[in-house]
Amino acid sequence: DLPQYGHKQWQSYFGRTFDVYTKLWKFQQQHRAILDAKYGLKRWQIGEIASKIGQLYYHYYLRTSETNYLNESFSFYSAIRMRAYYSKASKEERPDLMVKKLRYYARFIVVCLLLKKMKLVRDLVRELAKQIDDYTGTYEPEDQMEWNLVLGEIKAFIEADGIINVMDVDSSSIVLSHRLTPLNTPPLEKGTPVYLTLQEVLIVGNCHEQVKFSELTLDMFRMLQSLEREPQDDLSNQIYDTSPAPGRTPFENGERSNKRDNPHKYLLYKPTYGQLNTFLASAFKELPPNGAMVLYISADGCLGNQKHTDDAAYDLGGVVTNSRREGEEPAKGKKAEMFKEMHCLHPGDLYPYTRKPLFLIIDSSNSSAFQNFPNIFGQPLVCLLSPEQVPVTMQDQQVKGSLFTLFLHSPLMALCCVCNIADVPISLWDKSQTQVDKFVAEASRLFSRARKLDHAYVQFLGDDFLRLLLLRFVFCYIVLILHRGFKGPSYYPASHPALPTDEILEHPALYKIVLDLATTLEVRGLFAEPGELDISA
């Protein structure tokens, strides 16, 4: 219940809570026989303690962005299932206990999704469906519709996330991780100075049509993984111990060190303007010297005054971060013309936050509102803006996540998507991925050597995450301008300040790699020759 924002306000409370639960867990381990025989300790009660610890680790991951705590959470949730702590919960004839069991399943599924344990996710979804049937059949509860909705959301989410099926030699699906690893970190030219490191991230989601689960839209889910490193120490082997040890609590060695593997993230699903502003201000305040902030927004567009205007701050509209809340009367007629959408984030709302380095990613049907973002304070400022349109043939896909975010998350998956490739054998995937890696390495070299490159890019290029996003942006741009199905500027991504065309965006070496990749995937006919291009069409 403590505020999610800020780094320090909640840490002492978490420390004390970890201490209490660690003692409680050890106490029931040491005295299990007496607790069983004399006090009638039930297995579901042990399960409840383990579930609370799993939840505590999950919330600690949300607040710190350290993926190793997801593994800790997984070890507790997994132990509950392996030891069937909740197996007799339905025999207690207590609907509240059944609800706790269902919540446990929903939380375990979220953790498994984030760790990409997809086979286990599918098993858990089947078990959850059966548990919901048992619960609704026995108690005919009022929240029956809500639980069926949760189940429907999970199934839709899993289906949408598996947009491309990479197949092993035996035709079974292979699960791929898209977090940052030493293997996919783009090379940096020797001697390139590192000016800034990514420290704070805000991931905002409000796409009305897009699938979501547990306050995560698919775009948010993809972007949060793209801004994390792969967890290094796999702690899931703890589940084979006689009882899951509470692992390393985050406070065992005194105060946590300031060095983090991952930038700190805030995940904001449908925030009001007030909430978004509060979190932005907090991230801004916490930003250390030489730190950069990413603001990623995947949201529906909010059109402004379309008449000619010189006020790029507020008259071009922006993105809606929260659809109108209950109790807010929609304005009508003349009144509607006077009032702007309350929860529309306009470019001008962000001007104060450009006093520190800001890297802005807008994925929206009105991304061009941010095209002329002024650099008032002279700090590094970059905006990556999505295409505003997709071809008619791809519009149904928007429910399954935005194409632009998919390019930033997994360029090869996005390329397959625009070429209508659904199944890819692993041998072809690996061969194609090698060519994507070649593109990224070549683009990285071009960035380092470009003379017309705005200095803001140079400042951000030293950070692994930001460099990868920039290089994937270039891949996205070149794929879409070469693809015959994407015709005209509104179908292409844009950047501000503009990237140099001759040195990067239209470089023949990068064109060649993309066209060779299309040949490898046997979709060369979908792409134009560079000489045929009319980018202004």
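The values are calculated or read from the model by the stated rules, or taken from the named source; none is laboratory data. Note that the coordinates shown come from a computational prediction; the quantities given were computed from them, not determined experimentally. Neighbour counts are summed over all protein chains in view; Cβ atoms, including those assigned to glycine, are modelled from backbone coordinates with ideal geometry. Side chains are part of the model used for accessible areas, which takes the heavy atoms of the whole protein and leaves out ligands, DNA and RNA. Shrake-Rupley method; radii C 1.70, N 1.55, O 1.52, S 1.80 Å.
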The one condition Lys431 fails out of (1) touching a Leu at 6+ places or on another chain (Cβ under 7 Å); (2) over 20 Å from Leu385 (Cβ atoms); (3) of a type in the set (Lys, Arg) is (1)
Verdict on Tyr60 being out of contact with any helix residue (DSSP H, G or I) (no Cβ under 8 Å at 6 or more places or on another chain) and at pLDDT 90 or above: no
Output for Cβ contacts, cut-off 7 Å, separation at least six or different chains, first residue at positive phi in segment 49-78, second open to solvent by less than 10 Å² (accessible area, probe 1.4 Å) and among the polar types (S, T, N, Q), reads Ser65/Asn262
Residue pairs within 6 Å by beta carbon, gap of at least six or interchain, first lying in segment 279-297 and closer than 22 Å to Leu2 by Cβ and in a strand (DSSP E or B), second open to solvent by 30 Å² or more (accessible area, probe 1.4 Å) and small (Gly, Ala, Ser), listed first then second, are none
Within segment 258-278, residues being open to solvent by 10 Å² or more (accessible area, probe 1.4 Å), in contact with a strand residue (DSSP E or B) (Cβ under 8 Å, 6 or more places away or on another chain) and assigned to a helix (DSSP H, G or I) number 2
Residue hits (segment 438-478; of a type in the set (A, V, I, L, M) and more than 23 Å from the chain's Cα centre (by Cα)) are Ala441, Ala443, Leu446, Ala450, Leu453, Ala456, Val458, Ile478
Exception for Ser490 within (1) in a helix (DSSP H, G or I); (2) among the small types (Gly, Ala, Ser); (3) buried (at least 16 other Cβ atoms within 10 Å of the Cβ) falls at (3)
When segment 465-481 is checked residue by residue, the ones that are basic (Lys, Arg) and either modelled with pLDDT under 95 or open to solvent by 10 Å² or more (accessible area, probe 1.4 Å) (or both) are Arg472
When segment 501-510 is checked residue by residue, the ones that are part of a helix (DSSP H, G or I) and surrounded by fewer than 18 Cβ atoms within 10 Å (Cβ to Cβ) are Thr501, Asp502, Glu503, Pro508, Ala509
So is Ala498 open to solvent by 10 Å² or more (accessible area, probe 1.4 Å) and not in a helix (DSSP H, G or I) or not? yes
Self-check item: Pro187 open to solvent by 60 Å² or more (accessible area, probe 1.4 Å), in contact with a helix residue (DSSP H, G or I) (Cβ under 6 Å, 6 or more places away or on another chain) and modelled with pLDDT under 95
Solution: yes
If we ask which residues in segment 156-186 are touching a Lys or Arg at 6+ places or on another chain (Cβ under 8 Å), of a type outside the set (Ser, Thr, Tyr), closer than 30 Å to Leu287 by Cβ and assigned to a loop (DSSP other than H, G, I, E, B), their number turns out to be 3
For Leu316, the lone unmet condition from (1) in contact with a helix residue (DSSP H, G or I) (Cβ under 6 Å, 6 or more places away or on another chain); (2) within 30 Å of Asn420 (Cβ to Cβ); (3) hydrophobic (A, V, I, L, M, F, W, C); (4) modelled with pLDDT under 90 is (2)
